[in-house]
Amino acid sequence: MTPIIDVSHLKIKKGGHWVHNDLNLTVNRGEILGIVGGSGCGKTTLLRAMIALTKPDSGTISIFNENLFKVSAEKLLAVQCRFGVLFQENALFSSLNLLENISFPLCEHTLLDKQSIERLALLKIVMTGLLPKTAAQYPAELSGGMLRRAGLARALALDPELLFLDEPTAGLDPVTATGFDELLLTLKHSMNLTVVIVTHDLDTLWTITDRVAFLGEGRVLCVDKMSQLVTHPHPLIQVFFSGPRGRRAEDGQKH
Amino acid sequence: MSEQDAVVYLADKRVLVCQNQWNLSNLPNLENLLQNIAWPSTGTVTIDGQQIDAMDSAGAWLFFSIEYTLAARGLTVVLAKLSEAQSAMRTLITPKVIQMTVGDAVPKEWIPSWLTKLGMQTVDGILGLTSYLAFIGMLTAEAIRVLAYPSKWRLREIANIVYRCGYQALPIIAMLSFMIGVVITYQLGLQLRNYGANRYIVDLLGLAVLREFGPLITAIMVAGRTGSAFTAQLGTMKINQEIDALNTMGVTPAELLLLPRIIGLFIALPLLTFWADIFGLLGGMMMSNNMLQVTWHDFLHRFPRVIPLKTLFIGLGKAPLFALVIASVGCFQGMKVKDNTNQIGLNTTRSVVLSIFFIIVIDAVLSILFSKLKL
């Protein structure tokens, strides 16, 4: 089976030093891949490169077998329509209400009439666990957890095969974060999604990921199941997972 | 694309056969086909989706909503065995989800009528005026409080504002007033030359530039350049919670941010106006020399005899008033920003429009006042 994302020999320079130096990573269809690493190790930079926002200095990134930085604009658009992105700050358009926010990709890339678009947008709102009446509200009127769900609803608007999430549970209370993790699992199973998730949240890593890639020293130090990853001898990985928080999250899994 | 066989109703067997692609791109076709089916009025209908090749959430929603709409008509609906992918979709698009999304479930935003809008705007205007007055009152109280503590006078901040709003604006103000001088002289000179009254350009230009154009052009330029910057800076700080942080550290925003801006502009604008007067006159002198045969020497010789010193002071005297309007409106609009980056843009526009509006209103009121006082 060919991987859905193939990053090979990626090099990115930022502010005079190499953030990524010969980074290789593959994502298989149907898995939830976590990306972790210390602050400033280039998790978000890698994510931005994967969604074609940052052009790498060298190396290739292929999604659905298309090299993102070589293909024509039309082909790139076709690839972009097949993935959804939830940004760290949700990036909902503040001048549009939720319904319009989620309708936006549908209006741009489908030929449906307005009524169908609105109903599909409403479906995505309800699917992500929000009440229908929030559809008429503006992002400024909603809480952090609701915004996150709305951002997810917009990322899912076009029924993507691939979903990128940047720190989805950051800044949420534990109950909301757990709810969000459960929602992600349900969506992943029913919509047959492949998910790439950048996160610091150890509970998320333990509960929902199939594999986790640990970034450090400009490359991927290890990609494995969480239970295997924590036993990796590399000092950076040991420091990351052996702190009190890491231990607690691990214990929480065993009980 | 229209596949007629994606939805087929077999009336004799009472079975609805769904097949092919049930996804987003095929949705209009499917909805169309579904609408043209003549449903029986009572009894049982079986929905068979086993032949569906591909189904996404949009297709699944349509598929499961058939069940809901038929049940609502009083029919008994039986779903044939679902495939694995379809049952997975079923866990996501539950009957409850369907119930919340079919029919006219899409909530509408409330759009007020024109009369309601007029009322709302009037109330907003009045409330805006009262909160502006409250803002001015707050500033005055703060100024009096700070006055007692020379350590809080923030001279460095004030100097910074004078530098950014005054010194750095010198080139643009010089160029603009020079060109205004040229334009006025050209237009007036054409008329004066007809009467051979070329030398009266000195009287006209002196009065026009010193009393009106110098202060007005400078104030309008500064409202666009500095007033907008005040609003945008303070608005961004408000959104970033920097203002809240200041408050918790026992430093009021008025003391550190607002008063220095107002005092700084209060100092800078009269100076800028004087600078604009010089260049306006220079522009006029150059044009008189070239077009009206009034030489530099003639101009400077006549100027002090026909233009009294009070003309200069009346012009310069307006500048501090304009400075107060620009700075207070700019700061007020900036501090009014809350919870939404959109508002920074809106309030910046409003700050410039209101400043220029009030500058011209004040200028007109002063003109009437001066004419009554025979100044």
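Annotations
- A residue that is surrounded by fewer than 17 Cβ atoms within 10 Å (Cβ to Cβ) and in a helix (DSSP H, G or I) can be found somewhere in segment A:78-100.
- Here B:Asp104 passes the criteria (1) closer than 29 Å to B:Val337 by Cβ; (2) among the acidic types (Asp, Glu); (3) assigned to a loop (DSSP other than H, G, I, E, B) except the one numbered (1).
- Residue check, B:Val183 out of contact with any helix residue (DSSP H, G or I) (no Cβ under 7 Å at 6 or more places or on another chain), in a helix (DSSP H, G or I) and not hydroxyl-bearing (Ser, Thr, Tyr): yes
- Applying the condition of being assigned to a loop (DSSP other than H, G, I, E, B) and at pLDDT 90 or above to segment A:31-51 and asking which residue is surrounded by the most Cβ atoms within 10 Å (Cβ to Cβ) yields A:Ile51.
- Lone unmet requirement of (1) at pLDDT 85 or above; (2) open to solvent by 30 Å² or more (accessible area, probe 1.4 Å) for B:Val45: (2)
- Single unsatisfied condition, A:Leu23 versus (1) under 20 Å from A:Thr194 (Cβ atoms); (2) in contact with a strand residue (DSSP E or B) (Cβ under 9 Å, 6 or more places away or on another chain); (3) in a loop (DSSP other than H, G, I, E, B): (3)
- Filtering A:Leu130, A:Leu123, A:Leu112 for residues that are closer than 17 Å to B:Trp61 by Cα, within 22 Å of the chain's Cα centre (by Cα) and facing chain B (nearest Cβ under 9 Å) leaves a single hit, A:Leu123.
- Only a single item in (1) in a loop (DSSP other than H, G, I, E, B); (2) among the charged types (D, E, K, R); (3) surrounded by 14 or more Cβ atoms within 10 Å (Cβ to Cβ) is not met by A:Lys70, and it is number (3).
- Selected residue (criterion: most open to solvent (accessible area, probe 1.4 Å)) from residues of segment B:151-180 that are free of Cβ contacts under 8 Å to residues at least 24 places away in the same chain and within 17 Å of B:Pro253 (Cα to Cα): B:Arg156
- Residue in segment A:197-207 that is assigned to a strand (DSSP E or B) and of a type in the set (A, V, I, L, M, F, W, C) present: yes
- Segment B:1-42, subset open to solvent by 40 Å² or more (accessible area, probe 1.4 Å) and within 14 Å of another protein chain (Cβ to nearest Cβ), residue nearest to A:Glu108 (Cα to Cα): B:Ser25
- Test: A:Asn90 is in contact with a Ser or Thr (Cβ under 9 Å, 6 or more places away or on another chain), in contact (Cβ under 8 Å) with a residue 24 or more places away in the chain and among the polar types (S, T, N, Q): no
- Residue in segment B:99-122 that is among the charged types (D, E, K, R), within 14 Å of chain A (Cβ to nearest Cβ), over 24 Å from the mean Cα position of the chain (by Cα) and open to solvent by 90 Å² or more (accessible area, probe 1.4 Å) present: yes
- Those residues of segment A:50-76 which are aliphatic (A, V, I, L, M) and free of Cβ contacts under 8 Å to residues at least 24 places away in the same chain, in sequence order: A:Leu53, A:Leu68, A:Val71, A:Ala73
- Residue within segment B:58-68 that is of a type in the set (Val, Ile, Thr), away from chain A (no Cβ under 12 Å) and closer than 20 Å to A:Lys124 by Cβ present: yes
Okay, residues lined up against (1) open to solvent by 40 Å² or more (accessible area, probe 1.4 Å); (2) within 14 Å of another protein chain (Cβ to nearest Cβ); (3) not polar (S, T, N, Q):
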position	(1), (2), (3)
A:Ala136	no, yes, yes
A:Leu147	no, yes, yes
A:Ala153	no, yes, yes
A:Glu161	yes, yes, yes
A:Asp173	yes, no, yes
A:Asp181	no, no, yes
A:Thr186	yes, yes, no
A:Ser190	no, yes, no
A:Val195	no, no, yes
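- Residues of segment B:181-194 satisfying the condition of being free of Cβ contacts under 8 Å to residues at least 12 places away in the same chain and open to solvent by less than 60 Å² (accessible area, probe 1.4 Å): B:Leu190
- Odd one out for A:Ser39, checked against (1) touching a residue at least 40 places away in the same chain (Cβ under 8 Å); (2) out of contact with any helix residue (DSSP H, G or I) (no Cβ under 6 Å at 6 or more places or on another chain): (1)
The values are calculated or read from the model by the stated rules, or taken from the named source; none is laboratory data. Since this is a predicted model, take the numbers as computed values, not measurements. Glycine gets a Cβ as well: all are built from the backbone with ideal geometry, and neighbour counts include every protein chain shown. In case anyone asks, the SASA skips ligands and DNA or RNA and just uses the protein heavy atoms, side chains included. Shrake-Rupley method; radii C 1.70, N 1.55, O 1.52, S 1.80 Å.
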